[in-house]
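Taking it in order: structure first as structure tokens, then the write-up.
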Amino acid sequence: MFDTLRKLMSDLGDGGKHASRFAEDDYRVAAAALLIHAAAIDGSIADAERVKLHGLIKLRFNLDDAATDELVAEATKAEQKSVDLYHFTAKLNRSLDDAGRARMVEMMWQIAYADGVVTEFEDNLIWRAADLLCVPQNERIALRERVSASLTNGGSPTQ
């Protein structure tokens, strides 16, 4: 799993040649780190997950490709150093309102569904993250159903 994350970081990063525009305490780093964790929790990051990750981060944080790559690289480093979800979810709880935290859970579902299979590891991760983000169980389930329905109806879950 760490080899996959290192590859993702090297593919998307520039090797730290310039100062990052994303501070360590930037909530976007925490959000992206959770998404990276969701993509990697099943042991590998599929190409579809990598593409979905980049697209979600770019769209939701209104970034260009270079900034998106930089944020993914910073978030990958943060995710590799983390020992639990609390560090990220606590930062998101301080930075986001209820709707923002629910949107975070929805994005995690979008990453989980990106490769077409939601594993028990992904399901459990999102359940734990939603709990730490104070997103109620019924809302977490509704978000999952909405993302799943958007895929079966041929829609894009990023819309």
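The values are calculated or read from the model by the stated rules, or taken from the named source; none is laboratory data. These figures come from a predicted structure and were not determined experimentally. So basically every Cβ, Gly included, is an ideal-geometry build from the backbone, and we count neighbours across all protein chains shown. Side chains are part of the model used for accessible areas, which takes the heavy atoms of the whole protein and leaves out ligands, DNA and RNA. Shrake-Rupley method; radii C 1.70, N 1.55, O 1.52, S 1.80 Å.
In table form, for the structure just shown:
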{"quantity": "Every residue from the range 46-77 that is in contact (Cβ under 8 Å) with a residue 24 or more places away in the chain and open to solvent by 70 Å² or more (accessible area, probe 1.4 Å)", "calculated": "51, 59, 60, 77"}
{"quantity": "Test: residue 80 is under 14 Å from the mean Cα position of the chain (by Cα), surrounded by fewer than 20 Cβ atoms within 10 Å (Cβ to Cβ) and under 15 Å from residue 36 (Cα atoms)", "calculated": "yes"}
{"quantity": "Test set (1) closer than 19 Å to residue 24 by Cβ; (2) within 15 Å of the chain's Cα centre (by Cα); (3) not polar (S, T, N, Q) - residue 101 fails condition number", "calculated": "(1)"}
{"quantity": "Among residues of the range 16-35, those that are open to solvent by 40 Å² or more (accessible area, probe 1.4 Å), assigned to a helix (DSSP H, G or I) and in contact (Cβ under 8 Å) with a residue 60 or more places away in the chain, counted", "calculated": "1"}
{"quantity": "Top-ranked residue in the range 99-127 [being of a type outside the set (Val, Ile, Thr) and out of contact with any helix residue (DSSP H, G or I) (no Cβ under 9 Å at 6 or more places or on another chain); ranked as most open to solvent (accessible area, probe 1.4 Å)]", "calculated": "120"}
{"quantity": "Selection status of residue 95, of a type in the set (Ser, Thr, Tyr), more than 14 Å from the chain's Cα centre (by Cα), over 17 Å from residue 37 (Cβ atoms) and surrounded by 13 or more Cβ atoms within 10 Å (Cβ to Cβ)", "calculated": "yes"}
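Residue-by-condition table, conditions (1) closer than 19 Å to residue 21 by Cβ; (2) not in a helix (DSSP H, G or I); (3) not charged (D, E, K, R):
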residue: 37; (1), (2), (3): no, no, yes
residue: 66; (1), (2), (3): yes, no, yes
residue: 78; (1), (2), (3): yes, no, yes
residue: 83; (1), (2), (3): no, yes, yes
residue: 90; (1), (2), (3): no, no, yes
residue: 102; (1), (2), (3): no, no, yes
residue: 116; (1), (2), (3): no, yes, yes
residue: 128; (1), (2), (3): no, no, no
residue: 138; (1), (2), (3): no, no, yes
